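As structure tokens, the structure follows; a few thoughts come after it.
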Amino acid sequence: MPDLSVTVHGLRLSNPFVIASGPPGTNANVIARAFDEGWGAVVAKTVCLDASRIVNVAPRYARLRAGASREIYGWENIELISDRDLGDWLDDFRRLKDRYPDRVLIASIMEECRRDAWHEIVERVQDTGVDALELNFSCPHGLPERRMGSAMGQDPAILSEVCGWVREVTRVPIWAKMTPNVTHVEEPARAALHAGCDGISAINTILCVMGINLDTLRPEPTVEGYSVAGGYSSKAVRPIALRMVMELGTMMFGGGNGQPILAPGQPARPGEFPHATLHAIGGVESGTDAAQFILTGAHTVQVCTGVMKFGYGLIETLREGLSAFMARHGFQAVDEFRGHSLQYFTTHAELVRLQTERGITHRTDDANTASGDSVWEGDRVTEQSERLARN
Ligand SMILES: Cc1cc2nc3c(=O)[nH]c(=O)nc-3n(C[C@H](O)[C@H](O)[C@H](O)COP(=O)(O)O)c2cc1C
């Protein structure tokens, strides 16, 4: 039986599956349920010093479904961070650590861009005994209007300053949660790590508009006839999250991306932060989804919308799927394959060179190789597209 346990910054998790900050970690009651079901750790819903300014609306979710099966594969939310009083949260953290001393509890915090505010929230929260802090620099809606959340995460200079303030007073590991709503996710991540963060979590939700209701001509989710762009999560975001985790993994641990291949197993590009940790998030619903994030460098894999869709029992599916993947490849421990696939990302020019080296002629209509642009035909466009697809 493969060993699913992982250790990050001295914290031992019985498995790499972590509840991501959001509704599944929104009070002591649901966090206890996650621990009872066997999740490796929980990141609580994001807290701030003055929750009286956090006012949520209802409805606040809208979903994208597949035609016939009605399966939900995209999820928009316009939810803010926690509207619960910080004092109640501090009681919750203390009670949870008393009841589950061996389980890993991570608080997620967010504040305005003031040194005293960040110092105060860090000190009050870490005094409860939580094991680590996740800094939410990534909430894409509502809070950026107050220069919080992704407004900070999109600006490496501000991020660096804030992470430095947090580091000044923090005794526990800290990881910075990245917004995907940037062009190069490595830039803010690099700034956070240089400023003293121990790890990076990615991704938060992607800014989106779920749709326009064609009866009312108003956007969804509609609140009194109006809406706002929200954050996109669930299955549909997984390839984007995987790309960003690959980019972060390459930057932090090394890999092939952007470089010619040297030799199998030999990273073409050295990592800049080999001792930092990476916490992948985005559309995970199965053990094989998680395995792909670990192969691109993740130490842990967080799940939010998957739990909202399937409940806390999803942990069983995740553990079984990851164990089966590991058994198939003979991996005894998660660290044996973490980051393995980073070496296989390279440049497009390198792909052309490798195929040419194998004698493959490009710009042909050969079904076994590639189709040149001049051979596409109106009547065969679906068949030709199909032929160029890998799965
Ligand atoms: C309804 C909802 C509320 C969320 N609230 C928070 C939050 O308070 N803090 C935070 O860092 N991320 C929050 N997130 C983002 C998730 O933690 C996660 O980064 C994102 O949803 C992608 O993962 P998923 O596809 O597994 O949901 C929220 C997501 C959803 C769907």
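Every number here is computed from the coordinates shown, using simple stated rules; none is lab data. This structure is a prediction, so every number in the text was calculated from the model and none was measured. Cβ placement follows ideal geometry from the backbone for every residue including glycine, while neighbour counts extend to all protein chains displayed.
Could you tell me the calculated FRET efficiency between Asp36 and Asp215, based on Cβ-Cβ distance and R0 = 51 angstrom, to the nearest 0.05?
My answer for the efficiency is 0.70.
Using mean Cβ contacts within 10 Å as the protection proxy, how do 304-312, 227-235 order, highest first?
So the order, starting with the most tightly packed, is 227-235, 304-312.
Using only the Cα atoms of the chain, what do you get for the radius of gyration and for Dmax, in Å?
In Å, with Rg to one decimal and Dmax whole: 22.1, 69.
What does the C-alpha gyration tensor say about the overall shape of segment 1-145? Classify as rounded when a/c is under 1.5, otherwise prolate if a/b is larger than b/c, or oblate.
Judged from the Cα gyration tensor, segment 1-145 comes out oblate (a/c at least 1.5, b/c at or above a/b).
With both bridge residues required to lie in the chain, what share of the DSSP beta bridges run antiparallel, to the nearest 5%?
Bridges in the chain that DSSP calls antiparallel: roughly 40 percent.
Roughly speaking, what is the stretch gain from Gln332 to His119, that is 0.36 nm per residue apart minus the C-alpha to C-alpha distance, in nm to one decimal?
Going from the current span to full extension adds 72.5 nm.
Starting from the Cα of Lys97, draw a straight line to each of the lysines and keep only those under 29 Å, dropping any in the same chain fewer than 8 residues away.
Lys45, Lys177, Lys309
Counting only helical runs of four or more DSSP H residues, what would the 222 nm mean residue ellipticity of the chain come to if each run contributes -39,500 (n - 2.57) and the total is spread over all its residues?
-10000 deg cm²/dmol
I need the semi-axes of the equivalent ellipsoid of segment 117-167: take the C-alpha gyration tensor, multiply each eigenvalue by 5, square-root it, list largest first in whole angstrom.
21, 12, 9
How big is D for segment 5-75, in µm² s⁻¹ as a whole number, if Stokes-Einstein is applied with the Kirkwood radius of its Cα pairs at 20 °C and 1.002 mPa s?
Answer from the Stokes-Einstein relation: 144 µm²/s.
Can you list residues from other chains, or at least 5 along the same chain, whose modelled amide H is less than 5 Å from the amide H of Ile200?
Residues meeting the amide H criterion: Ala176, Thr277, Leu278, His279.
Quick one: compute a quarter of the convex hull surface over the Cα atoms of segment 295-384 and quote it in nm².
10.2
Specify whether the C-alpha gyration tensor of segment 73-142 places it in the rounded, prolate or oblate class, a ≥ b ≥ c being the square roots of the eigenvalues: rounded for a/c under 1.5, otherwise prolate if a/b is larger than b/c and oblate if not.
oblate
Would you mind checking which residues have amide H under 5 Å from Phe345's amide H? H placed 1.01 Å from N; only 5 or more apart, or other chain.
Long-range HN contacts for Phe345: Gly256, Asn257.
On the Cα set of segment 202-260, report Rg and Dmax in Å, please.
17.3, 55
Give the residues of segment 71-94 whose amide nitrogen is closer than 14 Å to a point set 7 Å from the Cα of Asp50 in the direction of its Cβ.
Backbone N within reach: 86.
By how many nm would the segment from Thr7 to Tyr226 lengthen if fully extended, with 0.36 nm per residue of separation less the alpha-carbon distance?
74.3 nm
Taking only the alpha-carbon atoms of segment 170-239, what semi-axes of the equivalent ellipsoid follow from 5 times the gyration tensor eigenvalues under a square root, in whole Å, largest first?
34, 12, 10
If segment 157-302 were replaced by its equivalent ellipsoid, with semi-axes equal to the square roots of 5 times the Cα gyration tensor eigenvalues, what would those be, largest first, whole Å?
Equivalent-ellipsoid dimensions as semi-axes: 31, 21, 13 Å.
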